[in-house]
Each structure stands twice: as structure tokens, then as C-alpha cells.
Amino acid sequence: MSRIHLIDDRIFQEITEVKRQSQGKVPFWRKLFEQYHKEGIAFKDAEDLRDLYRKKCKQLGIKFDFTSMEDKANINRMPGARVGIIDIETLPMLAYTWGLWDQNIGLEQIVSDICVLSWAGKFLNESEMYSDILTSKEAVARDTSRIARSCWEFLSKCDVVIGHNFSSFDIKHINSMFLKHNMPPLKQVIVDTLMIAKQNFHFSSNKLVAINKELGIRNKQENDGFPLWAGCSKGDSGSLKTMLEYNINDIFATEELALRFRPYIRNFNMGLYNDIDTIQCPVCSSTNLKSEGFYYTPAGKWESMRCQDCKCISRKKQNLLSKDKKKSLLINS
Ligand SMILES: [Zn+2]
């Protein structure tokens, strides 16, 4: 069976129809690839089929409408959790002080407290960017009531939230803002890329900018440093505009890092977010998995599964040890 390099009109129409029916919710490329393979029409793999379909779309002048190409696992992905990537910027505290070093600033010396200045977020595998920033008037008054609502709206749609240093910084500022404005708490699983970096790797610095530089992936936008924050605090519209661009750019950098770190995520399982009982990768929900030996604990033996898309290694839940084997096992004491 020789590999074909063009798809004909029949296949094109079939794919278009399946794609229309799936409405971006049901994965179909792998299934179609297998179906054509049975018919004796050879593609390299499911991704090859999708690439050829894209080529044909271009030839025919049809706008290719996949929202995101960065996530290769998307091709076999089952519908599941909505994963949001979010980052905030804050305005610094303003305070009276008599010196530069070792200062103890009393509460009565504070002129304005820290507050959320802006937020930006997007959903994984979707292209639309969501963001908000204080207006000039709101920045001067440090009035976060409006952006608190927009931020709450975005977060309320996320099952999982990814951010860098999100657990120690962003979510605490966000929660304080929600509490201040009498907004109810939200539920979602947090995936903190800083924690993944600390737990699994040794980077010279765990700052997003340093890790992304080391990995050679899309990085944060540079900025003017403190003068930009000072400009925002004074309500300067140019500074606010630049700040929002900077905040948005951070999202792309965080998203790229999250995709690189994905096989190391441990605290959520995408398979829980749909009712499909096919085996799915716990972190990317791809159905493209291969058995890869066994995983042993003192209590059992489990079949290991390797995701062929994100490379995550997981294991099945069924203990493969027989009753007799379990009885015969000794435990170190
Ligand atoms: Zn995966």
C-alpha cells in the first residue's frame, strides 16, 4: 500500500461532513485514518491525513478553521475538561517611607494597597484571548470591582486553571479581590507550572522567562520595568495599553511551557470529564496510547500506558497480581 500525497474529492467531502458533525467536540481523525487504512488508502498517520486535508482546503480556498495548532494531541483528543491559562498583573503598594533599607512600614503609612491591575487568559486549544485591565480612572482609584467580575466570568468557565506561580501568587490576589467584592469562591483544579518545575527539574532559575529561554520556546515580552507599573498606577493610558499587551503575551509563554510540562502533570485526569469509556491519556485525553511494560509498587503490578501524543506515562488501575501471588508476597518490615 503506497502512501498517497493528495486526497480526492470524495475523501475531502467525507472528512468535511464528519468534521461538520463533530463540531469540534468529538475526535475523528484517528478513526478516519483507520477507516481509510482498511479501505487500502494509505496515509502516514492521522496527522498526515489532517495535513493533507488542510492542503486541500488551501487549494480550494476554504479557510482552515482549526482554532489552535499548537496542541498536537488535539488530533486524538476526547472532549473533556476546559483548561484555562491565566495570568494577572498587580499594582504595587504605595507607602510613606523614611528610608530604603530594612524598613518596617506600618499600616498607617500605606497610601494605597496592592490590587489586581489586569488579567489575561485563554482556553487551551482555543484561539480567543480574554483579558481586562483597569481604566485610567479605576487605576487611580484602585477600583477593581469591574475587572473582578470579568475575571470571575472567565475563571468560572474553567475546570482546570494553568498558571506560573498561580497557587502562591495569582489565585491569592484573585481570591482577595473576589472576597472584597462579595463574589463567591470558584472551584477548579490548579496546575501550577512553577510547582512542576520545582518538583521535577533543576533549572538555574524557575522564573518563566528563564525556563522558556532554556527550553527555547516562546517567551515573555520584555517591558520597561518599574516605570511601566508607575505609569499604570497614575492611570496613564499608554502604560495601561502596554501592560495589557505584556499580560497577554505572558499567556502564550505560559501555554507553551504548560504543553512542554504536560506529561509531568499529576493532579488531574482528563478522562474524568467525559462519559466515554475508551482508555484516554490522563493529561491530554488522547486515545492514542500504547502499552509499555509494567509499573510496580509494593502492593501490586500494573500495566503502564504511554501516550503517543504528549508522551505522558500512566498506568491502568487494575492490579495484575493474582490472589495467590498476593498471598505469597513478603513485605519489608
Ligand atoms: Zn497525552
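The values are calculated or read from the model by the stated rules, or taken from the named source; none is laboratory data. Just so it is clear, the model here is predicted, and its values are computed rather than measured. Positions of Cβ are backbone-derived with ideal geometry, glycine not excepted, and every protein chain shown enters the neighbour counts.
Among the residues making up the stretch 88-116, those that are in contact (Cβ under 8 Å) with a residue 60 or more places away in the chain, in a strand (DSSP E or B) and either out of contact with any strand residue (DSSP E or B) (no Cβ under 6 Å at 6 or more places or on another chain) or among the hydrophobic types (A, V, I, L, M, F, W, C) (or both) are Ile88, Leu91, Leu94, Cys115, Val116. Look through Asn175, Asn182 and report the one residue that is part of a helix (DSSP H, G or I), farther than 26 Å from Leu215 by Cβ and without any contact (Cβ under 8 Å) to a residue 40 or more places away in the chain. Checking each option against the conditions leaves just Asn175.
Quick check: anything in the stretch 242-264 among the polar types (S, T, N, Q) and in a loop (DSSP other than H, G, I, E, B)? For the stretch 242-264, residues among the polar types (S, T, N, Q) and in a loop (DSSP other than H, G, I, E, B): absent.
Checking Ala258, Ala253 one by one, the residue that is buried (at least 18 other Cβ atoms within 10 Å of the Cβ), touching a residue at least 40 places away in the same chain (Cβ under 8 Å), assigned by TED's automatic domain parsing to the domain that holds Asp132 and within 15 Å of the ligand (Cβ to nearest atom) is Ala258 and no other. Evaluation of Cys158 against the conditions (1) part of a loop (DSSP other than H, G, I, E, B); (2) free of Cβ contacts under 8 Å to residues at least 60 places away in the same chain; (3) surrounded by 14 or more Cβ atoms within 10 Å (Cβ to Cβ) shows that the sole unmet condition is (2). Residues in the stretch 291-312 that are charged (D, E, K, R), near the ligand (Cβ under 8 Å from one of its atoms) and either in a strand (DSSP E or B) or surrounded by 15 or more Cβ atoms within 10 Å (Cβ to Cβ) (or both): Asp309 alone. Scoring Lys326 on the criteria (1) assigned to a helix (DSSP H, G or I); (2) basic (Lys, Arg); (3) closer than 19 Å to Ile196 by Cβ leaves a single failure, condition (3). Checking each residue in the stretch 219-252 for being aromatic (Phe, Trp, Tyr) and under 25 Å from the mean Cα position of the chain (by Cα) picks out Tyr246, Phe252.
Under the condition of being touching a residue at least 40 places away in the same chain (Cβ under 8 Å), within 16 Å of the chain's Cα centre (by Cα) and either near the ligand (Cβ under 8 Å from one of its atoms) or crowded, with 20+ Cβ neighbours inside 10 Å (or both), the residues counted in the stretch 272-290 number 4.
Every condition in (1) farther than 27 Å from Val189 by Cα; (2) of a type in the set (S, T, N, Q); (3) buried (at least 20 other Cβ atoms within 10 Å of the Cβ) is met by Asn247 except one, and the failing one is (1). Within the stretch 188-239, the set of residues being assigned to a helix (DSSP H, G or I), of a type outside the set (A, V, I, L, M) and more than 30 Å from Met270 (Cβ to Cβ) comprises Phe226, Pro227, Trp229, Gly231, Cys232, Ser233, Ser237, Gly238, Ser239.
In the stretch 161-202, of all residues being of a type in the set (Val, Ile, Thr) and out of contact with any strand residue (DSSP E or B) (no Cβ under 6 Å at 6 or more places or on another chain), the one that is nearest to Trp119 (Cα to Cα) corresponds to Ile174. Here is the figure for the stretch 182-191: residues that are modelled with pLDDT of 95 or more and surrounded by 15 or more Cβ atoms within 10 Å (Cβ to Cβ) total 3.
Looking across Leu179, Leu194, Leu208, Leu215, one residue alone is surrounded by fewer than 18 Cβ atoms within 10 Å (Cβ to Cβ) and within 19 Å of Ala253 (Cβ to Cβ). It is Leu215.
Being of a type outside the set (Gly, Ala, Ser) and touching a helix residue (DSSP H, G or I) at 6+ places or on another chain (Cβ under 8 Å), is that true of even one residue in the stretch 104-114?
yes
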